[in-house]
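Novice: The following block contains the structure, expressed as structure tokens.
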2 protein chains.
Amino acid sequence: MLNSIAILGGTHGNETSGIQLVRHWQNGNLPERFRALQPEMRLVNSAAIEANVRYVDDDLNRQFTAHRLEQQCSEAEAQLARQLNQTLGPKGNSATDFVIDIHNTTSEMGATLIILQQDEFNIQLARFVKHHMPEANILLEDDKAYSEHPYLCTVGKQGVMVEVGGQPQGVFREDIFQLTQTLTETILDFCIAYNAQTLPELAPCDVFILGENICFPVDETGARIAMIHHSLQDNDFQPLLPGAPVFKCFDGTEITWDQDTVIYPHFINEAAYATTHVAFATASLTKL
Amino acid sequence: MLNSIAILGGTHGNETSGIQLVRHWQNGNLPERFRALQPEMRLVNSAAIEANVRYVDDDLNRQFTAHRLEQQCSEAEAQLARQLNQTLGPKGNSATDFVIDIHNTTSEMGATLIILQQDEFNIQLARFVKHHMPEANILLEDDKAYSEHPYLCTVGKQGVMVEVGGQPQGVFREDIFQLTQTLTETILDFCIAYNAQTLPELAPCDVFILGENICFPVDETGARIAMIHHSLQDNDFQPLLPGAPVFKCFDGTEITWDQDTVIYPHFINEAAYATTHVAFATASLTKL
């Protein structure tokens, strides 16, 4: 039974869809059918929301490892993480059964549900979402154990992220808001069916499994020498074939995908990853 | 004669197209035909570029009024503005004949040339650009005298802005870079023809004239109660007809354009204007 559900917006202060959805629902607009779930709705990083920035000192969504939570770091987000771990967690022995953390991306990832483990709960959730919202993407990040992820949602016994784009940081788009609302409501519909034990048997569905980060090529000074090729830009979750162009260099040459497997790029040209020169992440496609 | 031309990138530190174009040209890649112009190429706000933010303390592109330049304000950008006024200006008695300042917008404005006065120089420039790059938009902001604008480019005897989008802040897109490069090169081709007195007689061209800023509707607490309607989003410089939807309210209702004239919205949902609740700017369309 999912007795305690938390819906979080504003973990990053300039990702507006979740902030508005939480505000809207806090203002008495939570659809009637979800009220029995009594979800806790919370705007997480109010200082970052106020300043319309991703974070004040450090990325809040990278603070939730056991190591970081044990340190007594003074950054605003490190302190906030310890508070959140007390009130929503504690991680590993949580008072919250299920945490839904809502994000935006500047990449054209549409409505993406990010799950962090392949247990029965997450497999059922993935199939349910894909069945009711076929346009949604399911992304599985299980390159490490659930407890080892640094993400806020892992303070819950179960935790997922809603990741919707493309939307520039600080901008609020109607189409992106509608996708965010639809995906979040679909997850809550799953919670109702899960608690009522009325989940249908559903066939395996398409799931993208996170591979690795691919970085921009840089010169000896660390400056980028290339940009995302226009044929890759905005094509998140579309197959990238061996030999297809990936980067256009400023000298006019092209760099192609030199591996011999098809991959599914996502987080293509995400603004928040630009400072670390991450160009995109790879994924493989499977049935789960 | 345009004897001294300055090409500026990074006036806003997270507007990447101009930063890259200036870097590229500084690295010996300025096309051969422009070398006789000996343009000065400058990355303006290096602290903001380094931090990948619009500005450190205050918007640099709002500092160049006589009033602000006379004040001894301590903000990083106020100090930088006084330095730039000394080295590129001084405003009103400038050592620089023509300043081209390159910007990005998150709005779908394509390649837009912003001119600030309707004198012979700017009219010829507008016609030349529109003739050689028909997909470019010309936007005239002459709601105040040239000298009264707060923009950096007004430190030059003549000054214009290149404004290209849509591109999220901090992101670098190939398509937007290509538009930026093409528009800037077209302006430099104009400079060559202007100096050689080989400008052709060109017919008047379409020019958008800035009207007013339209703000999001807010409640008594100052919170927005509506978003840009999906039928307006991304339709910069397309005609908005009387009665057409402009805002979708969070309560499900719509707000329509209630004036009886057609206007041409632009800077629709621009991220940098979100904190002041500016939803878009209006323009009228004329021949110049």
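Derivation of every value follows stated rules applied to the coordinates shown; laboratory data play no part. Keep in mind the model is a prediction, meaning the values are calculated, not measured. Positions of Cβ are backbone-derived with ideal geometry, glycine not excepted, and every protein chain shown enters the neighbour counts.
Novice: One decimal, nm, shortest first: give the distances between the label point of B:Ile255 and those of the same position in the other copies, each label point 7 Å from Cα along Cα→Cβ.
Specialist: Here the equivalent label points are 4.6 nm apart from this one.
Novice: How much FRET efficiency would the formula 1/(1 + (r/R0)^6) give for B:Thr182 and A:Asp59, where r is the Cβ-Cβ distance and R0 is 41 Å, rounded to 0.05?
Specialist: Details: r = 37 Å, r/R0 = 0.89.
With a Förster radius of 41 Å, E is 0.65.
Novice: With +1 assigned to the C-beta of every Lys and Arg and -1 to the C-beta of every Asp and Glu, and no other charges, what is the dipole magnitude of the protein assembly as shown about the Cα centre in debye, to the nearest 20? Before the final figure, lay out each step's value.
Specialist: Details: 34 positive and 74 negative charges, 82 e Å.
In total the dipole reaches around 400 debye.
Novice: Taking a label point 7 Å from Cα toward Cβ, how far is A:Pro217 from its twins in the other copies, in nm, shortest first?
Specialist: Label point to label point, same position, other copies: 5.3 nm.
Novice: Long-range amide H contacts for B:Ile263: which residues qualify at under 5 Å (H placed 1.01 Å from N, peptide plane, sequence gap of 5 or more or a different chain)?
Specialist: Distant-sequence amide H within range of B:Ile263: B:Leu240.
Novice: Separate question: Given Cβ point charges of +1 (Lys, Arg) and -1 (Asp, Glu) and nothing else, what value in debye, to the nearest 20, does the dipole of chain B about its Cα centre take? Mind showing how you got there, number by number?
Specialist: Details: 17 positive and 37 negative charges, 167 e Å.
Roughly 800 debye, rounded to the nearest 20.
Novice: What do you get when you divide the Cα radius of gyration of segment B:50-140 by 2.2 N^0.38 Å, with N the number of residues?
Specialist: Numbers: Rg = 15.7 Å, N = 91, 2.2 N^0.38 = 12.2 Å.
Dividing the Cα radius of gyration by 2.2 N^0.38 Å gives 1.29.
Novice: As I understand it, the dipole of the protein assembly as shown uses +1 on the Cβ of Lys and Arg and -1 on the Cβ of Asp and Glu, about the Cα centre. Which of B:Asn45, A:His12, A:Gly170 lies farthest toward its positive end?
Specialist: Checking the options against the dipole of the protein assembly as shown, the answer is B:Asn45.
Novice: Further question on the same structure: Could you give me the ³J(HN,Hα) list for segment B:16-27, computed from phi with Karplus coefficients 6.51, -1.76, 1.60 and θ = phi - 60°, whole Hz, x at Gly and Pro?
Specialist: 7, 4, x, 4, 5, 5, 4, 4, 4, 6, 5, 7
Novice: May I ask you to sort A:Ser74, A:Ser107 by Cβ crowding, counting other Cβ atoms within 10 Å and putting the fewest first? Walk me through the numbers on the way to the answer.
Specialist: Working: A:Ser74 8, A:Ser107 29.
Sorted ascending by nearby Cβ count, the order is A:Ser74, A:Ser107.
Novice: Starting from the amide H of A:His229, placed 1.01 Å from N in the peptide plane, find each other amide H under 5 Å away whose residue is 5 or more places distant or on another chain.
Specialist: HN-HN under 5 Å from A:His229: A:Phe247, A:Lys248.
Novice: Provide the percentage of antiparallel DSSP beta bridges, counting only those with both residues in the protein assembly as shown; round to the nearest 5. Spell out each step's value before the answer.
Specialist: Values: 44 of 86 bridges.
Roughly 50 percent of the beta bridges in the protein assembly as shown run antiparallel, per DSSP.
Novice: If you stretched the chain out fully between A:Asp258 and A:Asn52, how much longer would it get, using 0.36 nm times the residue separation minus the C-alpha to C-alpha distance?
Specialist: Working: separation 206, 0.36 × 206 = 74.16 nm, distance 3.94 nm.
Additional length available on full extension: 70.2 nm.
Novice: Okay, moving on. For segment B:73-82, in order, what is each residue's ³J(HN,Hα) by Karplus, 6.51 cos²θ - 1.76 cosθ + 1.60 with θ = phi - 60°, in whole Hz (x at glycine and Pro)?
Specialist: 5, 9, 4, 3, 6, 5, 5, 4, 4, 5
Novice: Whole Å is fine, so just give me how far the alpha carbon centre of segment B:238-277 lies from that of segment A:227-243.
Specialist: Segment B:238-277 and segment A:227-243 have Cα centres separated by 33 Å.
Novice: Roughly how compact is segment B:96-230, stated as its Cα Rg over 2.2 N^0.38 Å to two decimals? Walk me through the numbers before you get to the answer.
Specialist: Values: Rg = 16.7 Å, N = 135, 2.2 N^0.38 = 14.2 Å.
Rounded to two decimals, the normalised Rg is 1.18.
Novice: Suppose every Lys and Arg Cβ carries +1 and every Asp and Glu Cβ carries -1, with no other charges. What dipole size does segment A:211-280 come out with about its Cα centre, to the nearest 20 debye?
Specialist: Values: 2 positive and 10 negative charges, 25 e Å.
Charge dipole, segment A:211-280, about its Cα centre: 120 debye, nearest 20.
Novice: If you rank B:Glu108, B:Glu163, B:Glu201 by fewest surrounding Cβ atoms within 10 Å, what's the result?
Specialist: Details: B:Glu108 17, B:Glu163 26, B:Glu201 6.
Sorted ascending by nearby Cβ count, the order is B:Glu201, B:Glu108, B:Glu163.
Novice: Let me ask something additional. For segment B:5-203, what mean projected area does the convex hull of the alpha carbons give, in nm²? Write down the numbers at each step before the final one.
Specialist: On the way: hull surface 42.6 nm².
Taking a quarter of the hull surface, the average projection is 10.7 nm².
Novice: Extent of segment B:22-77 along each principal axis, from alpha carbon coordinates, in Å, largest to smallest?
Specialist: Principal extents (largest minus smallest coordinate, Cα): 41, 27, 13 Å.
Novice: To continue, here is another question. Past the 22 Å Cα-Cα mark, which pairs from B:Lys130/B:Lys287; B:Lys91/B:Lys287; B:Lys144/B:Lys248; B:Lys144/B:Lys287?
Specialist: Details: B:Lys130/B:Lys287 12 Å; B:Lys91/B:Lys287 30 Å; B:Lys144/B:Lys248 33 Å; B:Lys144/B:Lys287 20 Å.
From B:Lys130/B:Lys287; B:Lys91/B:Lys287; B:Lys144/B:Lys248; B:Lys144/B:Lys287, over 22 Å: B:Lys91/B:Lys287; B:Lys144/B:Lys248.
Novice: Let's test the formula: R0 of 51 Å, r as the Cβ-Cβ distance of B:Asp251 and B:Leu199. What FRET efficiency results, to the nearest 0.05? The partial results should precede the final answer.
Specialist: Working: r = 55 Å, r/R0 = 1.08.
Step by step, r from the Cβ atoms, then E = 0.40.
Novice: Specify the residue with the greatest mean-square fluctuation among A:Gln118, A:Gln63, A:Gln38, computed from a Gaussian network of chain A linking alpha-carbon atoms under 10 Å apart.
Specialist: Evaluated over chain A, the most mobile residue of the options is A:Gln38.
Novice: Testing the spin-label approximation: label points 7 Å from Cα along Cα→Cβ at A:Gln26 and B:His230. State their distance in nm.
Specialist: Rounded to a tenth, the inter-label distance reads 2.6 nm.
Novice: Ok, one more. Enumerate the amide H contacts of B:Cys215 below 5 Å, restricted to partners 5 or more residues apart or on another chain; note that Pro and chain-start residues carry no placed amide H.
Specialist: B:Ala279
Novice: When the helices in chain A are scored as -39500 (n - 2.57) per DSSP H run of 4 or longer and the sum is shared across all residues, what 222 nm value do you end up with, to the nearest 500 deg cm²/dmol?
Specialist: Details: 6 runs with 69 residues, N = 288.
For chain A, the value works out to -7500 deg cm²/dmol.
Novice: Then there's this: One decimal, nm, shortest first: give the distances between the label point of B:His230 and those of the same position in the other copies, each label point 7 Å from Cα along Cα→Cβ.
Specialist: 2.8
Novice: Which ³J(HN,Hα) values, rounded to whole Hz and listed in residue order, are derived for segment B:232-247 from phi using the Karplus coefficients 6.51, -1.76 and 1.60 in 6.51 cos²θ - 1.76 cosθ + 1.60 with θ = phi - 60°, glycine and proline given as x?
Specialist: After applying 6.51 cos²θ - 1.76 cosθ + 1.60, I find 9, 3, 6, 9, 4, 6, 8, x, 9, 8, x, x, 6, x, 10, 10 Hz.
Novice: Which of A:Gln124, A:Gln197, A:Gln259 sits farthest toward the positive end of the charge dipole of chain A, with +1 on the Cβ of Lys and Arg and -1 on the Cβ of Asp and Glu?
Specialist: Comparing the listed Cα positions along the dipole, A:Gln197 ranks first.
Novice: Considering the rotational relationship between chains A and B, which residue of chain A contributes the beta-carbon of minimal distance to the axis, and what is that distance to the nearest Å?
Specialist: A:Pro168, 2
Novice: May I pose another question? For segment B:237-288, report the % of Cα-Cα distances exceeding 19 Å.
Specialist: Counting every Cα pair in segment B:237-288, those more than 19 Å apart make up 35 percent.
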